[in-house]
Amino acid sequence: MKLIVKENKAQASHVAAELIKEELNSGGKVFGLATGSSPEAVYELLADSEVDFSDAISVNLDEYVGLSADHEQSYHYFMHQHLFQYKPFQASYVPDGLADENEEIDRYESILKDHPIDLQLLGIGENGHIAFNEPGTPLDSDTHKVDLTESTIQANKRFFNHEDEVPRQAYTMGLRSIMKAKKIILLAFGERKAQAVKELLEATKADPDSPATVLVDHPDCTVIIDEAAASLLAE
Ligand code: GLP
């Protein structure tokens, strides 16, 4: 695992945006995309750049169950607002939060089979989750429906008017689905991510209690963080 520590989120996001452009320029076609505050600045840099994704495909990690694509807190809406309205892809896939569970899981797995991911962008939850793979998720999981943990509901409630509105379930790519990406970039910013970052970077093997640690077995993973997220790492 490669680690890049930058002074702040803006500088770290610049590095990530450049790596994404490099991937596109060197023939990468399928981009695995993430939502949340971590990739926001990366999308802003891409949106303001000359990059052209019109021959590329995007596949998003996850979506809340029960939210329609036009709900302001859905991940569909987030992607449209932050990236797709400025930089359209040839095709963009996001799980459908309103679809029937079995059909949606089959549909998403076949999308991933048809479009193997060249570069996957990831954030990390405060409890070490990646996408919505909460602690305890089997390492060999494919796309599935999850019950969100209380910690994730609490962390995400800031985006909703009231805690009761935060969805309790989500569709997510599984840990095995994520590990199939050829390259992975994980972003983490701020002190509240420091513990999860420490667990990830100090892990010697994958620990299902801290799902991001599955990445220790990935052959091409770059972790890009700011100094605050690095604050618990040994000197
Ligand atoms: C959510 C998403 C994850 C994201 C994580 C961290 O639960 N499902 O994909 O990485 O939260 O979010 P943020 O970047 O806003 O801290």
Completion exercise
segment 99-235: relative contact order from alpha carbon pairs under 8 Å, six or more residues apart, as a whole percent, is 29
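For Ser151 and Ser54, compute 0.36 nm times the residue count separating them, minus their Cα-Cα distance, and round to one decimal in nm.
Contour length minus Cα-Cα distance gives 31.2 nm.
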Exercise for the section: Could you tell me whether the chain comes out rounded, prolate or oblate from its Cα gyration tensor? Rule is a ≥ b ≥ c as square roots of the eigenvalues, rounded for a/c under 1.5, then prolate if a/b exceeds b/c, otherwise oblate. Expected result: rounded
Exercise for the section: Could you tell me which of rounded, prolate or oblate describes segment 135-235, using a ≥ b ≥ c as the square roots of the eigenvalues of the alpha-carbon gyration tensor, with rounded for a/c under 1.5 and, failing that, prolate when a/b is larger than b/c and oblate otherwise? Expected result: oblate
Practice task
Can you tell me the relative contact order of segment 1-141? Whole percent, Cα pairs under 8 Å, sequence separation 6 or more.
Solution key: 28
Practice task
For a quick protection proxy, order the peptides 66-77, 182-193 by their average other-Cβ count within 10 Å, most packed first.
Solution key: 182-193, 66-77
Practice task
Can you pull the one-decimal nm distance between simple spin-label points at Ser68 and Gln11, each 7 Å off the Cα toward Cβ?
Solution key: 4.6
Practice task
Can you give me the three principal axis dimensions of segment 52-95 from its C-alpha atoms, in Å, biggest first?
Solution key: 31, 16, 11
Handout entry: Relative contact order for segment 58-109, counting Cα pairs under 8 Å that sit 6 or more residues apart, in percent
Key = 45
Completion exercise
Checking rank on 79-91, 211-223, with mean other Cβ inside 10 Å and highest first, the result is 211-223, 79-91
Practice task
Could you check the simple spin-label distance between Glu18 and Ala234, using points 7 Å along Cα→Cβ, in nm with one decimal?
Solution key: 3.0
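Taken together, the values in this text are just the output of simple stated rules run on the coordinates, not laboratory data. Note that the structure is predicted; figures quoted are calculated from it, not measured. Positions of Cβ are generated from backbone atoms using ideal geometry, with glycine treated the same way; all protein chains shown enter the neighbour counts.
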